[in-house]
């Protein structure tokens with residue numbers, strides 16, 4: 001984990017989202033798929049806390065390392081970042097958290113099935129890039145409220161991912177939730193499901209990921225979810241960003257749960273470990 | 001003005017930041033606050049914790065605690081609310097897993113002690129008494145985020161005195177009592193714990209607050225209420241440290257919205273001998289180390305020979 005200051009190369013707004021590119025001069029920054037950063041305008045004191053954002057792309061350059069983040073402008077923190085212009089500085093703790101486990105999809109003739117909702121797609125791009133580099137078949141189910149919310153569509157397509165789209169308002173792809181085409185795909189490929197061909201990775205709104213977890217549990221497909229939870233620190237000390245996980249039976253044989261920190265033990269969890277509520 | 005230096009001024013300079021609290025010498029008066037510094041080890045990627053006078057551990061209970069359901073935190077203007085619910089590894093895990101690693105660092109460890117009952121406090125203290133490398137205990141009698149929790153002790157002078165007296169009898173190390181700003185009678189509680197034998201007090205813990213989501217109409221914390229911390233509470237904390245300093249003779253450790261050396265010096269002037277830095281550690285993991293450097297610079301530029309020279313030095317007229 002590095003405590004860095006990056007210089008803004010670009011900070012473009014599209015819809016309710018921003019796409020910010022930071023250059024870390026003379027620095028090699030290594031990020032694994034699914035890891036995130038904690039960002040704030042350089043030395044800012046208000047809003048008080050940094051904002052957690054998944055790393056979208058990593059690009060080594062002669063000048064250093066460029067990291068891109070995609071964020072949804074939701075409140076004061078992200079609005080403050082959205083107002084920044086090229087040349088200004090951003091404080092960034094990076095890389096944080098555990099990455100997606102690629103190993104289950106690297107054996108045999110398997111396919112990675114990515115299910116992304118809204119800005120959650122940002123967390124999955126590095127995974128798609130890494131898997132495509134290893135010649136793994138990647139299928140993306142990308143959903144959003146409207147066409148503008150289909151984050152990273154062109155970038156995923158350029159990697160050679162097979163893309164299925166869904167929007168709530170029907171403005172692009174099929175109308176409805178992205179989990180419906182996912183379900184249909186798995187039902188249409190039952191024999192491959194039984195053969196253990198698919199590994200699912202999901203990131204997006206909690207109701208979407210909960211539905212993905214249900215579908216995968218029923219189909220007995222291994223699935224990973226990257227969670228989002230409000231964070232104060234991002235490195236494990238505030239214990240603010242917890243998720244409820246199953247932790248095996250108690251001495252009395254009762255099922256028990258515990259709270260794990262999304263920033264340290266996560267943000268990626270196996271779906272069957274999580275208590276979805 | 002004279003250019004001749006007296007013999008004492010020619011002596012090698014002593015450390016201007018050294019302070020002594022309840023017989024313990026701290027190399028500087030900067031102690032990260034309980035609950036904001038984990039078990040110390042989490043900050044090693046950022047700086048050498050030997051740079052600090054000491055730090056307060058996350059509140060330790062007899063058994064591990066699961067804590068409250070999320071969401072546990074909500075940012076507010078100039079601060080944040082938290083209702084963590086004292087999730088911690090338990091005192092035995094702390095002694096076996098964390099403490100051996102911490103002994104490699106030259107910093108004073110203050111173990112924050114928490115319980116739901118008097119017996120809980122005494123069980124934690126008994127376990128810690130046998131552990132090498134702990135300098136003092138801080139009694140958390142003021143956490144607002146646990147049901148039937150320690151806060152009942154901290155809000156009532158009689159109960160606060162009882163837990164302090166019992167802890168003092170059991171403890172082989174100095175006992176610092178962390179005071180709650182939520183007590184109706186703060187000065188009464190402060191006097192009571194001093195009479196009961198407390199070696200020092202630390203104040204303030206967080207102030208109970210609430211924030212409501214205007215779209216869902218639900219509280220922004222699952223626990224509904226939480227403890228407010230951060231710059232927003234600093235003036236209240238300075239005032240309370242000042243008032244408590246007027247009535248106590250045991251040392252005060254100031255807490256509340258401290259992020260910089262300037263913030264800390266206000267607390268010294270109000271009567272604190274040391275400070276704790278809390279929420280600022282989240283936004284800037286190096287904040288505590290920078291605070292130490294800032295105090296050194298203050299002493300140098302303001303010609304303050306010892307930081308203790310400014311303790312209680314506020315001029316009211």
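Is it true that residue B:40 is more than 10 Å from chain A (Cβ to nearest Cβ), touching a strand residue (DSSP E or B) at 6+ places or on another chain (Cβ under 6 Å) and crowded, with 21+ Cβ neighbours inside 10 Å?
no
For the structure I just gave you, tell me whether residue B:150 is modelled with pLDDT under 95 and touching a strand residue (DSSP E or B) at 6+ places or on another chain (Cβ under 7 Å).
So residue B:150 passes the test.
Failed condition for residue A:216, given (1) touching a residue at least 12 places away in the same chain (Cβ under 8 Å); (2) within 11 Å of chain B (Cβ to nearest Cβ); (3) farther than 30 Å from residue A:47 by Cα, with all others met?
If we test residue A:216 against (1) touching a residue at least 12 places away in the same chain (Cβ under 8 Å); (2) within 11 Å of chain B (Cβ to nearest Cβ); (3) farther than 30 Å from residue A:47 by Cα, just (2) comes out false.
Let's see how each residue does on (1) crowded, with 17+ Cβ neighbours inside 10 Å; (2) farther than 19 Å from residue A:209 by Cβ; (3) within 14 Å of chain B (Cβ to nearest Cβ):
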site	(1), (2), (3)
A:94	yes, yes, yes
A:109	no, yes, no
A:119	yes, no, no
A:123	yes, no, no
A:130	yes, yes, no
A:133	no, yes, no
A:140	yes, no, no
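Residue by residue, here is whether (1) under 18 Å from the mean Cα position of the chain (by Cα); (2) within 14 Å of residue A:88 (Cβ to Cβ); (3) within 14 Å of chain B (Cβ to nearest Cβ) holds:
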position: A:5; (1), (2), (3): no, yes, yes
position: A:13; (1), (2), (3): no, no, no
position: A:18; (1), (2), (3): yes, yes, no
position: A:46; (1), (2), (3): no, no, yes
position: A:51; (1), (2), (3): yes, no, yes
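Would you point out the residue of the range B:60-76, among those that are touching a helix residue (DSSP H, G or I) at 6+ places or on another chain (Cβ under 9 Å) and more than 8 Å from chain A (Cβ to nearest Cβ), that is farthest from residue B:222 (Cα to Cα)?
Here the residue is B:62.
Please find, among B:161, B:171, B:196, B:190, the residue that is more than 24 Å from residue B:41 (Cβ to Cβ), buried (at least 24 other Cβ atoms within 10 Å of the Cβ) and in contact with a helix residue (DSSP H, G or I) (Cβ under 6 Å, 6 or more places away or on another chain).
It is B:190.
I'd like to check something: does the range A:182-201 contain any residue that is closer than 29 Å to residue A:20 by Cα and in contact (Cβ under 8 Å) with a residue 12 or more places away in the chain?
Checked against the condition, which is being closer than 29 Å to residue A:20 by Cα and in contact (Cβ under 8 Å) with a residue 12 or more places away in the chain, the range A:182-201 yields at least one hit.
Just to confirm my filter: which strands (runs of 3 or more DSSP E) fall fully inside the range A:222-277 and include at least 3 residues that are facing chain B (nearest Cβ under 9 Å)?
Where strands (runs of 3 or more DSSP E) fall fully within the range A:222-277 and carry at least 3 residues being facing chain B (nearest Cβ under 9 Å), they are A:242-249, A:255-261.
Test residue B:189 against the stated conditions and say whether it is outside any loop (DSSP other than H, G, I, E, B), out of contact with any strand residue (DSSP E or B) (no Cβ under 8 Å at 6 or more places or on another chain) and under 16 Å from residue B:138 (Cα atoms).
So residue B:189 passes the test.
Can you pull out the residues in the range A:61-77 that are assigned to a strand (DSSP E or B) and free of Cβ contacts under 8 Å to residues at least 12 places away in the same chain?
None - no residue of the range A:61-77 is assigned to a strand (DSSP E or B) and free of Cβ contacts under 8 Å to residues at least 12 places away in the same chain, so the list stays empty.
Answer with yes or no whether residue A:84 is modelled with pLDDT under 95 and more than 29 Å from residue A:139 (Cα to Cα).
For residue A:84, the condition - modelled with pLDDT under 95 and more than 29 Å from residue A:139 (Cα to Cα) - is not met.
Given (1) surrounded by 23 or more Cβ atoms within 10 Å (Cβ to Cβ); (2) within 22 Å of residue B:138 (Cα to Cα), where does residue B:221 come up short, assuming only one miss?
(2)
With respect to residue A:39, is the statement that it is without any contact (Cβ under 8 Å) to a residue 60 or more places away in the chain, crowded, with 23+ Cβ neighbours inside 10 Å, within 14 Å of chain B (Cβ to nearest Cβ) and farther than 14 Å from residue A:119 by Cα true?
For residue A:39, the condition - without any contact (Cβ under 8 Å) to a residue 60 or more places away in the chain, crowded, with 23+ Cβ neighbours inside 10 Å, within 14 Å of chain B (Cβ to nearest Cβ) and farther than 14 Å from residue A:119 by Cα - is met.
Each row is one residue, and each column tells you yes or no for (1) over 26 Å from residue B:38 (Cβ atoms); (2) without any contact (Cβ under 8 Å) to a residue 40 or more places away in the chain; (3) touching a strand residue (DSSP E or B) at 6+ places or on another chain (Cβ under 8 Å).
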residue: B:209; (1), (2), (3): no, no, yes
residue: B:218; (1), (2), (3): yes, yes, yes
residue: B:235; (1), (2), (3): yes, yes, no
residue: B:245; (1), (2), (3): yes, no, yes
residue: B:252; (1), (2), (3): no, no, yes
residue: B:299; (1), (2), (3): yes, no, no
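What number of residues within the range A:52-77 are buried (at least 22 other Cβ atoms within 10 Å of the Cβ) and modelled with pLDDT of 95 or more?
So the answer is 9.
Out of all the residues in the range A:78-88, which are surrounded by 14 or more Cβ atoms within 10 Å (Cβ to Cβ) and either within 14 Å of another protein chain (Cβ to nearest Cβ) or in a helix (DSSP H, G or I) (or both)?
Within the range A:78-88, A:78, A:80, A:81, A:82 qualify.
Among the residues of the range B:89-106, is there at least one that is under 26 Å from residue B:71 (Cβ atoms) and either within 20 Å of the chain's Cα centre (by Cα) or surrounded by 20 or more Cβ atoms within 10 Å (Cβ to Cβ) (or both)?
Looking through the range B:89-106, at least one residue is under 26 Å from residue B:71 (Cβ atoms) and either within 20 Å of the chain's Cα centre (by Cα) or surrounded by 20 or more Cβ atoms within 10 Å (Cβ to Cβ) (or both).
The values are calculated or read from the model by the stated rules, or taken from the named source; none is laboratory data. Since the structure is predicted, the reported quantities are computational estimates derived from the model, not experimental observations. With ideal geometry, Cβ positions are generated from the backbone for all residues, glycine too; neighbour counts draw on all protein chains shown.
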